[in-house]
Amino acid sequence: MELMKIEVLGTGCKKCQQLEANAREAIAALGLEAEVLHITDPIEIARRSVLSTPALAINSQVVSKGKVLTPTEIQHFLKA
């Protein structure tokens, strides 16, 4: 199975950091192996049509924009 790729898109603000922490918690709770990246480049963020950060992408598909998802909400996307 291919390693899951989780990306947090945002400038590194407190909300972005919280989203990354919540994503790591969700991954651990499900016992998954995943690569977690934090994309801070504004050009890359805009290229993905993200106008409101933080955003969360799973395997390059943006699943959330402009809010800090809870670990439970993130688990829902990871199971899908």
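Note that region 45-58 has calculated 3J(HN,Hα) couplings of 4, 5, 4, 8, 6, 9, 9, 10, 9, x, 10, 10, 10, 10 Hz, one per residue in order, obtained from phi through the Karplus relation 6.51 cos²θ - 1.76 cosθ + 1.60 (θ = phi - 60°); glycine and proline are x.
Take the chain with all the other protein chains still there, run a 1.4 Å probe, and you get 61 Å² of accessible area per residue.
Share of the chain's accessible area from carbon and sulfur, percent, 1.4 Å? Carbon and sulfur: 51 percent of the exposed surface of the chain. Extent of region 1-57 along its three principal axes (Cα atoms, max minus min coordinate, largest first): 32, 25, 13 Å. If both residues of a DSSP beta bridge must be in the chain, then about 55% of such bridges are antiparallel. Where the centroid of each part is defined by its Cα atoms, how far is region 28-80 from region 1-23 in Å? With region 28-80 and region 1-23 each reduced to a Cα centre, they are spaced 5 Å. Peptides 73-80, 49-56, 14-21 ranked from most to least packed give 49-56, 14-21, 73-80, packing being the mean of other C-beta atoms within 10 angstrom over each peptide's residues. For Lys14, the aspartates and glutamates whose Cα comes closer than 20 Å to its Cα, not counting residues fewer than 8 places off in the same chain, are Glu25, Asp41, Glu44, Glu73.
The values are calculated or read from the model by the stated rules, or taken from the named source; none is laboratory data. Everything numeric here is computed off the predicted structure, so don't read it as measured data. For neighbour counting, all protein chains shown are included, and Cβ atoms are generated from backbone atoms with ideal geometry for every residue, glycine included. For the accessible areas, the whole protein counts, side chains as well, though only heavy atoms, and no ligand, DNA or RNA atoms are used. Shrake-Rupley method; radii C 1.70, N 1.55, O 1.52, S 1.80 Å.
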